[in-house]
Amino acid sequence: MELNSFLLMRHEILLFSIILLLLIAELFLPRNKKSSMIHLALVFFGIHTAVGFLPLAEGSLFGGMFRSNEMIHFFKGVLNIGVFTLLLQSAQWLEKNMLKQDRGTEFFLLLFASLLGMYFMISAGDFLMFYIGLELSTLPVAALAAFEIMKRESGEAAVKFILSAALASGVSLFGISMLYATNGSIYFEDIMSTLTATNLTLLGFILFFAGLAFKISLVPFHFWTADVYQGAPISIASYLSVISKGAAAFILMILLFTVLKPLMHVWEPLLYILALATMFTGNLFALRQQNMKRFLAYSSIAQAGFILLGLVTGTQLGTATVVYFVTIYIFSNLAAFGVVQAISSQTGKENMKDYEGLYRTNPKLSLVMMLALFSLAGIPPVAGFFGKFFLFTAAASKGYYLLVFLAVVNVTISLYYYLLVIRAMFLRKGENPIPFFKSKIYMKLGLFIAVMGMLALGLYSPLYDYIYELSAAFN
Amino acid sequence: MLTAILSGFFFSLFLVFAGKFFKGKLAVLSALVPLGLFVYFASFIKRVSEGEIITQQYEWVPSFGVNLNFTLDGLSLLFSLLITGIGFLVFAYTAEYLKGHKYLDRFYGYLGMFMGAMLGLVLSDNLISLFVFWELTSISSFFLIGFNNTSQASRRSAILALAVTGSGGFLFLAGSLLLGGVAGTYSITEMVNLSPEIIGSPFYLWIVILLFGAAFTKSAQFPFHFWLPGAMKAPTPVSTYLHSATMVKAGIYLLLRFTPVLGGEEIWNTTLIIIGGITMFYSAVHTLFRTDLKGVLAYSTISVLGILVFLIGLGTEYALTAAAVYIVVHALYKATLFLVTGIIDHETGTRDVTVLSGLRKVMMPVAIAGFLAAISSAGMPPTIGFVGKDLVYESTLHMGDWSTVLTILAISTNVLVLYAGFVAGIKPFTGRLPERHSKVHMPGFLMWLPPMILALLGLIIGIYPAFIDGPIVKGVVKAVGMAGEEVHLKLWHGFNFILLLSAITLTLGILLYFLLKPSKKREKAIAKFDFIAPKELILKFGSGVWHFSNLWTRVFQNGFLRNYVSTIILFLVVLVGYSLFNGEQEFYIDFSSFSRMTYYEMILMGIMFLSVLFVVGARSRLTAVVAMGVVGYAICLMFVIYSAPDLAMTQFSIDTLTVILFVLVLSSLPKYLSISDYKMRIIDGVLSIGFGLLITLISLEVLSEPVNKDVSNFYADNAYILAKGKNVVNVILVDFRGSDTLIEISVLTVAALGVFSLLKLRLKRDDRELKD
């Protein structure tokens, strides 16, 4: 193997080096200089994000265990921006709460390790690499969920997360072994040609599917979502709902559209039902939430249902619309969580009631939140509308009119609860509204990136065309 | 045209930065924006009336057929002129009405945004961009209604209006997707040519239902009309502009726009006639029971919207001409009445019509404007209202079998609309001026001139209907697919049957006005029936959904991990069970391949079974763990019986270790709590038995499945040759996968160290609350 070909793993190598560098820096930095670790990590990751956009060749490594193409490369870039934005938004919280406990660097190490797992997961060329990636991406998050060790909820969140995750990944591994038993290989390339819908294969597929369903929090694997989001630090809730879900949805799409394509007649009805169940459950639960993190948790469950809508199609149009939707979703949710983070790290308030009258005191934050919620609700002209519209078109083009109609009903339900927040911010006066405050420059930048992402994706259509071109790789 | 549409948005964006300078006297300058646009659109009148259709195309997302295509035909032109013309007057009026308001710049910003969105709506030829602008009007309306957000009622109305019109918007989106799928294009112009195919498609009915849903919610048709009276909490310029002259007519616009595409079918016409008929009569009756001036105007607006839907439903050239004229008529007189109401409210501080009278003595010009608007709404000659009402009767009379019923319906509605117009336009100005209003003075000219202009305009084009006939109305009629040759607007048709009907209407209406004074008592009486009003029913439905979601959440998302896990397991059992029996081959277990059971196997089975039962019934964790250990040992004995002593040894040690570890950990846990009740146990029991059965079936099934044995064969063949070991399992562990084992051991050691240090960690007394 040429040394050059290792550069195919550029994302992974770079990120791994950053982890090592941070680890070393943490060891040698004197205690009173620890706050510079945050800047250091941000700068490193910023460079990594920027470098990530340089073009990368297509190909595979280790006999096909690891592969990369332009679509995968593009999506890693999206994940990078997402994580970078998230880090910017978390900087203040880290500085304020975590430095005291000397835990600033840990946060970055764990988060980056999890991201590294996601890289491997979406670049996987066989089930083993996939599984390792899945685990590597999950385990650090459990530690991160428990990050605020002085809070009881944080610990509870971590326990719930790790137990649910263990169940899901165990089941998933069981499924993989069954797929191996019937096909005699764990390589995607080989399985693709031998896969037939025997009883055992179906079993294997369903059990395997459970693992990813957990990550995307599809009904009925969604229960952990709300409890964990509420208990975990906001950054981690945001990470789970944005990066983790995005990456899992992406790899699920790749697997369904390539390796598991022969089972399409099985997963099509399955996804159909799960899409409906997920949308309705997420939306109905979200209706009555008061805590902003719980609220966003359910809203993100409902959004996962919409992703399935695009997956049902199994076409290039489906691929492109799902990737487009997920990308938009990442930016919209980052903006929403960013505002929650900004307010929480300033005042510690996380309930919808506290947001009453926010527009009078902090108009800019309210506007960002409004744009984000409109985007999540799919109200034009913010990008979220196009995301949903394209998904609906993709589903409609395959004749799923009923599904699209029910999805539209769900959009309407969701409109209602997104409006509740907007009403609280813009119309209610509130007895003691959050006073005016100025966010730190990192937070501002983080929100700015998210908003720009939302607007650019919606108003600048060549981005979609670009994604559509890339998606030819998986069909 | 794109510039024209965007200018509204640019204007509001501009205000975000330069708003501070526009709060004082300069505010009136903002009226230049709509004025300029009005002149711009007016310059097209000649070209459009000659039959030219002006189009402009910009690509947006071409791969999805979503483009910014703008078309200016007669219909769009009429609406554009209304939007910009009335916009101009409202912008000017606002400068005085909200003078010195803290957030005046924001208000103008929303107004500008609304104007841009509304123009985009009526000019878009692409369904999707039409939808985008459609939702934007709802949003800007939301902010404008909520502008007076000091009162709870205002906030409630704003959210209600947005919920109703916003949901309607999504119906529109669903309809557009369906329509786009059937027609293969989102361009409305192209759809007109494809009309027969669309009508013939199996989805026609659904398309019509969805579009009706959108139009009826936006244009406040029964039973979705209730948001409009609520929306009257907005400042008066907003009510004038959005909720009477322009936005609520977007639904009407949509229906007119799609008449050439979807119209002409029975379902289309009948539904519109019925819904329009109910709306126009129902809300006209409601005006009798209102004492708030804006309430009266709101219901009479709904009534007129009903008349418009009704006319579109009739669908003849007469009816469509009548609709076109009525849009103009209504915009002119209703905007006047609203602006007049705004003046009264502004100067006297009340809109209660029972206490207002004699104001002509202090504000004559306003009284004149009110009077002109009132007689236009009544349809008296020589106003344009008269022309409009004539056309309505003309079209109902041509409806064959149903003409009598429809005409009587139209007459009674018009009688009530006349009453409403008189109450709003004449009642406050006539009679004796009460003492407390004697100090009231004229508002600035910016406020009284706009209604005056509108009222005079109604009079002038009433006398010379040709002003709008050729240039505008004909264009609309042509745009909706009619020839536009049949009808000509005239004020005077000579003495005929229609004139008689007009006379009857006027007489009855004026009689009604003099006999029935607005009263609080009637208003209270009708409030008793609110519980069966559509508003309450829909709100109840909404709170029903809310309660359902509450219940649903409490049942499923109750915070107990064990419930979550059992739901997941239940789901897996169902799904896996389903796929097990519904795969491509039959579910099949080869019983013949099983060996016979011996008596010591049976004894072992019995032991296992008993200890499992013991585990379930155990009262302490320790006993449960020990009993589990017994099950493990029994399995080891099974291995011994099947002559695999090495495997048995491994299993023995693992089992022992597990039990010890368990005991170590359990000893530092709090006492065993009995947290599950009897019902819970039964459910869990059923679930576990189901899961166990399923796994058993899977294991049995696996035995009869063709399984790939490459790997096991490889190790079996090579264990001795390559590694010189006779025990294949051991060879794999220590030789073939030696480094794996090494790493695994290290990981286990690290984990064990971790557990050990955790065990040592005794919680300090002052950290106790963390644990509790």
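Any read-out appearing in this document is the output of simple, stated calculations on the displayed coordinates, not a laboratory observation. A quick note: this is a predicted structure, and the numbers were derived from the prediction, not measured. Positions of Cβ are backbone-derived with ideal geometry, glycine not excepted, and every protein chain shown enters the neighbour counts.
Observations on the structure shown:
- With 26 Å as the limit on Cα-Cα distance, the pairs of A:Lys245/A:Lys364; B:Lys233/B:Lys524; A:Lys364/A:Lys429 that go past it are A:Lys245/A:Lys364.
- In sequence order, segment B:456-468 has phi-based couplings of 5, 4, x, 5, 5, 6, x, 6, 10, x, 4, 3, 9 Hz under the Karplus curve 6.51 cos²θ - 1.76 cosθ + 1.60, θ = phi - 60°, and Gly or Pro positions carry x.
- The ranking of B:Val387, B:Val702 from fewest to most other beta carbons within 10 Å of each one's beta carbon is B:Val702, B:Val387.
- Dipole of the protein assembly as shown, positive end: most advanced residue of B:Phe371, A:Met178, B:Leu2 [Cβ charges, Cα centre]: B:Phe371
- If R0 is 22 Å, the Cβ-Cβ spacing of B:Leu742 and B:Val665 corresponds to a FRET efficiency of close to 0.25.
- Mean sequence separation of contacting Cα pairs (under 8 Å, at least six apart), scaled by the length of chain A, corresponds to a relative contact order of 15 percent.
- The HN-Hα couplings worked out from phi for segment B:495-509 by the Karplus form 6.51 cos²θ - 1.76 cosθ + 1.60 (θ = phi - 60°) are 7, 9, 4, 5, 4, 4, 4, 4, 4, 4, 4, 4, 4, 4, x Hz, whole numbers, x standing for Gly and Pro.
- Anchor A:Lys353: aspartates and glutamates whose Cα lies under 14 Å away (excluding residues fewer than 8 positions away in-chain): A:Glu431
- Neighbouring partner chain Cβ atoms per residue of B:165-177, average, 10 Å criterion: 6
- Length available on full extension from B:Asp352 to B:Ala153: 0.36 nm per residue minus the Cα-Cα distance, which gives 69.9 nm.
- Inter-site label distance for A:Leu99 and A:Val43 at 7 Å from Cα along Cβ, in nm: 1.6
- Put the Cα centre of segment B:598-667 next to the Cα centre of segment B:75-94 and the gap is 85 Å.
- Its relative contact order, with pairs defined as Cα atoms under 8 Å and 6+ residues apart, puts chain B at 10 percent.
- Radius 14 Å from Cβ of B:Gly617, net charge of other residues (Lys, Arg +1; Asp, Glu -1): +2
- With Cα atoms, 0 to 90° folded angle of helix B:266-287 axis to chain B main axis: 70
- Counting beta carbons within 10 Å around each of B:Asp401, B:Asp469, A:Asp227 and listing the fewest first gives the order B:Asp401, B:Asp469, A:Asp227.
- Projecting the Cα atoms of A:Leu415, B:Thr71, B:Leu622 onto the charge dipole of the protein assembly as shown (Cβ charges, centred on the Cα centre) puts A:Leu415 farthest toward the positive pole.
- Only Lys, Arg (+1) and Asp, Glu (-1) charged, at Cβ; segment B:2-129 dipole about Cα centre in debye: 720
- Taking each DSSP H run with n ≥ 4 as -39500 (n - 2.57) and averaging over every residue of chain B yields -23000 deg cm²/dmol at 222 nm.
- Separation of alpha-carbon centers, segment B:303-381 and segment A:6-20, rounded to whole Å: 72
- Estimated vicinal HN-Hα couplings, Hz - segment A:233-242 in sequence order (Karplus 6.51, -1.76, 1.60; Gly, Pro = x): x, 4, 4, 6, 4, 4, 4, 5, 7, 9
- Zone residues, segment B:344-371, relative to B:Ser519, backbone N less than 19 Å from point 7 Å out along Cα-to-Cβ: B:352-357
- For the residues of B:138-144, the average number of beta carbons from a partner chain within 10 Å of their own beta carbon is 2.
- About the Cα centre, charge dipole magnitude for segment A:3-474 (Lys/Arg +1, Asp/Glu -1 at Cβ), debye: 1520
- Pairs with C-alpha atoms separated by more than 18 Å, drawn from the list A:Lys96/A:Lys151; B:Lys427/B:Lys517; A:Lys349/A:Lys438; B:Lys361/B:Lys521; A:Lys96/A:Lys349; B:Lys294/B:Lys389, are B:Lys361/B:Lys521; B:Lys294/B:Lys389.
- Expected 222 nm ellipticity per residue - DSSP helices of 4 or more, -39500 (n - 2.57), all of chain A, to 500: -24500 deg cm²/dmol
- Segment B:Tyr40-B:His441, length gained on full extension (0.36 nm per residue, minus Cα span): 140.7 nm
- Each Lys and Arg contributes +1 and each Asp and Glu -1, all at the Cβ; summed about the Cα centre of the protein assembly as shown, the dipole is approximately 5540 debye.
- Exposure proxy shown here: for B:Tyr642, A:Tyr418, A:Tyr239, B:Tyr204, the number of other Cβ atoms within 10 Å sets the order, fewest to most, as B:Tyr642, B:Tyr204, A:Tyr418, A:Tyr239.
- Nearest-ten-degree value, helix B:561-581 long axis tilted from longest Cα axis of chain B: 80
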